[in-house]
Every structure is written in structure tokens, then in C-alpha cells.
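What follows is a set of notes on a single structure, which appears directly below.
Just so it is clear, none of the values below were taken in a lab; they were calculated from the coordinates. For clarity, every value in this text was computed on a predicted model and none was experimentally measured. Every residue, glycine as well, gets a Cβ built from its backbone with ideal geometry; the counts of neighbours run over all protein chains shown.
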Amino acid sequence: MVSFRLDVEQEAPFSEFYNHRYIPDLIRGVPGIEAAWRYQEHHVAGSLKYYRKQFLTLFACGSRQDAGRVLSAIEARPAPELQEWQARAMHDVEPPCLYVERWAHPRKPIDGDFAGRPFFMVSVELAAGQEQRFNDWYEQDYLPKNVADVPSWAACRRYSSVGRQPTRHHAIYEAADLGGLDTSLEAMRAPFRLAQNMAWKQWDSGERPAFTWEDAATFKPIFRTP
């Protein structure tokens, strides 16, 4: 995963370079990349985020070993033109990071993970000593109930970073389309889910908060290859 924000007036020229030169050159030059997707932050119209939306680039690799080699190649051979873009238009650039799947709901879309669908991503970093307790509750109780209560979710998976300190975790809820994304988010906040959502709040701000950092955002697809 690669994450950054981009000045809104530079989105078009940057995407022309990034989508049609940088990513194809990377795929040709670095064996192991099976697919690449780009997403931009969604539901930011009318907010200050509109002027510097977050963008995600996801590279799917055939194995963890392939992903490690891809990550090393990206870090070792930075494209000069990309460095120029970073200097003049990119912000909050997160270094490329390897993520591995740690949990997946059995509900799976027939065309595979991601596949150009919008998603809701919940991201956390956990306090030392709280990781196992939170992960057990989240993966064994909260996530299964959430997906069961929201039948419009197409899939749900959770990923953890490798080699990053602190470890960052992303829960990704995929929807079939943007309308389904809105419907699913509304269903997550339905009154009958109040107990589950309040349980989350206890991990967020209870007597022993588990989170040292958290974020949640929706994303829509803007590029896919092949």
C-alpha cells in the first residue's frame, strides 16, 4: 500500500503520469506484481479534505516473498519524476508498506478481492498489551456481527502491516457500488446496532483505551490494471 494526499489542482496531470507511466513501468520492471488499483477518498465534497484528498495505491502480489521484493524495488529505485511530484504537490506521503491479510469473512465476491469496488476502511494502531484482547474481540465478535447485520457488504477483510512500527491494522468493508456503500454505512449505524457500536466506543475512549491512533474513511476506485 502507498498512501498520500494530493493538491486538487494537480490531480489530472498527476494521474496521467502515475496511472499510465509510473505504474506500468513499475509492473514491467518488478516481477511479482499481479495487479494494481488506485482509490481516492470519497464523501469529501464540501469539506477541506476536498482540496487534498487521500489517495491509495494497492499492489497485489503473488506471495509474501514477491511482495517483499516489490517493496524493496520501490524503495531502492525511486522514479525521479515521482520525486519531483512529491516535492511540489504530494503531502502526507506514507512510505510504501507491506500488508498481509490476517482475517477474512467467508462472504467473498465472485470476482475476487477489491476488483474495482468502493470500500470503507477502518484503521487503528493499538496500545502495547492491548493487541490480543482487542484483536480477539474484533475478529471473533464485532466483525462477524457487523457483516451479518449489514447484508449489503460484499466482503470484509482485515490486514496488518509488516515491518512497520507501530503496527497498523486496516479493516476493509467492500460494497458492490457507491449506492451500496451508502446503504451499508447507514445500516452499520442502525439503532439495533447500538450495543455493538457502544462496545467499540469502550475500546476507543473507555477506562483503558486500546487505540493510540485511529482513522476511518471511504474510498472509490479510480484506476485498475490489468
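Using Cβ counts within 10 Å as a stand-in for footprinting exposure, how do ASP92, ASP182 rank, fewest first?
ASP92, ASP182
Between the helical axis of 194-205 and the dominant principal axis of the chain, each derived from Cα atoms, what acute angle in degrees is found, rounded to the nearest 10?
Approximately 60 degrees, to the nearest 10.
Dipole of the chain, Cα-centred, from +1 at each Lys and Arg C-beta and -1 at each Asp and Glu C-beta, to the nearest 20 debye?
Using Cβ point charges on Lys, Arg, Asp and Glu, the chain gives about 240 debye.
Of PRO118, TYR138, ALA73, which is farthest along the charge dipole of the chain in the positive direction, counting Lys and Arg as +1 and Asp and Glu as -1 at C-beta?
The residue sitting farthest along the positive end of the dipole is TYR138.
Suppose a student asked you for the relative contact order of the chain, using Cα pairs under 8 Å spaced at least 6 residues apart; what percent would you report?
28
If you take every residue apart from TYR51 with its C-beta less than 10 Å away from the C-beta of TYR51, what net charge results, scoring Lys and Arg +1 and Asp and Glu -1?
Overall, the nearby charge balance is +2.
What is the distance in Å between the Cα centres of region 57-72 and region 88-124?
14
Quick check on my link table: of LYS53/LYS145; LYS53/LYS108; LYS49/LYS201; LYS49/LYS145, which ones sit more than 27 Å apart, alpha carbon to alpha carbon?
Exceeds cut-off: LYS53/LYS145; LYS53/LYS108; LYS49/LYS145.
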